[in-house]
Each structure stands twice: as C-alpha cells, then as structure tokens.
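The values are calculated or read from the model by the stated rules, or taken from the named source; none is laboratory data. No experiment lies behind these values; they were computed from the predicted model shown. So basically every Cβ, Gly included, is an ideal-geometry build from the backbone, and we count neighbours across all protein chains shown. For accessibility, only protein heavy atoms count, side chains too; no ligands or nucleic acids. Shrake-Rupley method; radii C 1.70, N 1.55, O 1.52, S 1.80 Å.
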Amino acid sequence: ELKKANELKNQLLQVAAHDLKDPLQVIIGYTDLLKVRLRSDRFVSEKLKIVHRSTDRMIKLIAGLLEITDIESGNFILHRSQVDLGKVIDKAVKSFQKQSQQKNQKLLYSTEQSCIIDGDEMMLRQIANHLVSNAIKFSPPGTSIWVTLDRNEDEKSIILNVQDEGPGLSEQEINRVFDKFQHLSNKPTAGEYSTGLGLAITRDLVTLHNGSISVKSQPGQGCTFIVTFPLFIEHPSQTPEISN
C-alpha cells in the first residue's frame, strides 16, 4: 500500500509540475518583454525584476521535482558511455569561476589523468554542478573551495572531493543533508536561492552510476562532500581460437 501511495504521489507531482511549467514560462516571456518596453519607468522595472526572479525560482523548483520523481519512479534513463570525469569536472569548475570571483572566493581544482568511468556525461556534469554550486552558495566571501579528483587503483575507484570553508554541519544535520526539502542551519551567504532538492538529486544520480556519496563536517570547519565512482576497466577482447 505504501508503494502504491508513493507511486500515486509521484504521478500527481509529475502532472502538477508539467501543468505549471508552461504558464510559468509564459510569465517569464512576457515579463522580459515588459522589462524592455517599460525600462524607463524605474518603479515598474524593479517590480518586473521581482516577478521574473520569483517565477524563475518556481521553474527551477518544478524542474527539480520532475527530475526527482522521474528517478524515484524508475523512468530515468542514463545514456552511458566511457566518460573522462576529469574533463567533465574541469568544464564544471570553469563555468563557476565567475560566480566564485563575484564572492571573492578562490575556486581551486586538481585531477589525475585518465579518470574514466561508465556513465552519462550530462548527468555527471550535473552532479559536479550541484556540488560546486552548493560550496559557493554556502561559503562566506573571501574563502577557498577545493575540488579534487583522484584514482584509487587498489579499490578500482575514482574519488571526487568538494571541500569548502563554510559554517559546517552538525551530526544531526549530516544525517539528513541528502533528504528532500531540507533547509538546514546553513544559509546562502549572498542571498542565493535554494530549492532544497539539489543534494537529494545528486545522491540519486550518484546511486544510478553505482557510486556513493557522503559528507564529512563539523560545525565551524566547513564541509567535504566525497563521491566515489567505480573506475572503468577495459577488458581486452579475447581473440577467438582458429581451428585447423
């Protein structure tokens, strides 16, 4: 009964999210048009910015809901290939350099070569985006963020670490940090918006890649998110025996 109720909940969320998405996009479109037409009116222009920002937040929340319900319902399909995770992380970090600079943060990155895994490149990029964005969002200005990627040959795995100098988490918060809609004691340090779904989606995407994710933290000592993926090992094709 619980399983049926959960499936019904996911179906209702998907219908509601799809039905809300189109009218919100219309609001965004007309708001952009009015901002151009009425930019000389400072009062109206400021109010339109608020409408645009609020609508954009709703669209992001709906996108997150659709993604997480797809994953939970088993309808989410990974398009797998051999992916160099180092290149994926490199692109993700570079895309956030401007955002970190605006907060006077240092975004540092290092990786080993040939960190190949079997996965969906777009979804792996999303995992990296969530973790780096989270570190920037919850870290104060003037701090540093480290992103490292290492191979563990003994365990045949690849380990991604994203470490920040934010306020950290208590033990109780660590236990629920990957749950949906968790708004913990940490707050965005520059008024950024958080849906409360990013880490839940990240956990589900990591799991779909046969990986694991955890966090190490103490209050006042920042957070380190640790993601482990199985290393792709290419097995040489066996040469068929030629019979005489």
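Things worth noting here:
- Restraint check, Lys60/Lys156; Lys4/Lys156; Lys47/Lys94; Lys91/Lys187; Lys106/Lys156, Cα-Cα greater than 28 Å: Lys60/Lys156; Lys4/Lys156; Lys47/Lys94; Lys106/Lys156
- Region 73-200 - Debye-derived log10 I(q)/I(0), Cα point model, q = 0.11 Å⁻¹: -0.43
- Positive minus negative residues near Glu192 (Lys, Arg vs Asp, Glu; Cβ under 10 Å): +3
- Taking the Cα centre of region 47-160 as origin and assigning +1 to Lys and Arg Cβ atoms and -1 to Asp and Glu Cβ atoms, the resulting dipole is close to 1060 debye.
- Probe 1.4 Å, accessible area per residue of the chain, Å²: 61 Å²
- Across the accessible surface of the chain, with the other protein chains kept in place and a 1.4 Å probe, carbon and sulfur atoms take up 52 percent.
- By the Kirkwood approach, averaging reciprocal distances over each pair of separate Cα atoms, region 1-157 gets a hydrodynamic radius of 19.1 Å.
- For the chain, the longest principal axis of the C-alpha atoms and the axis of helix 42-73 are separated by about 30°.
- Based on the Kirkwood approach, the hydrodynamic radius assigned to region 47-112 is 15.5 Å, with every pair of different Cα atoms included.
- Here the contact order of the chain, divided by its residue count and restricted to Cα pairs under 8 Å and six or more residues apart, works out to 18 percent.
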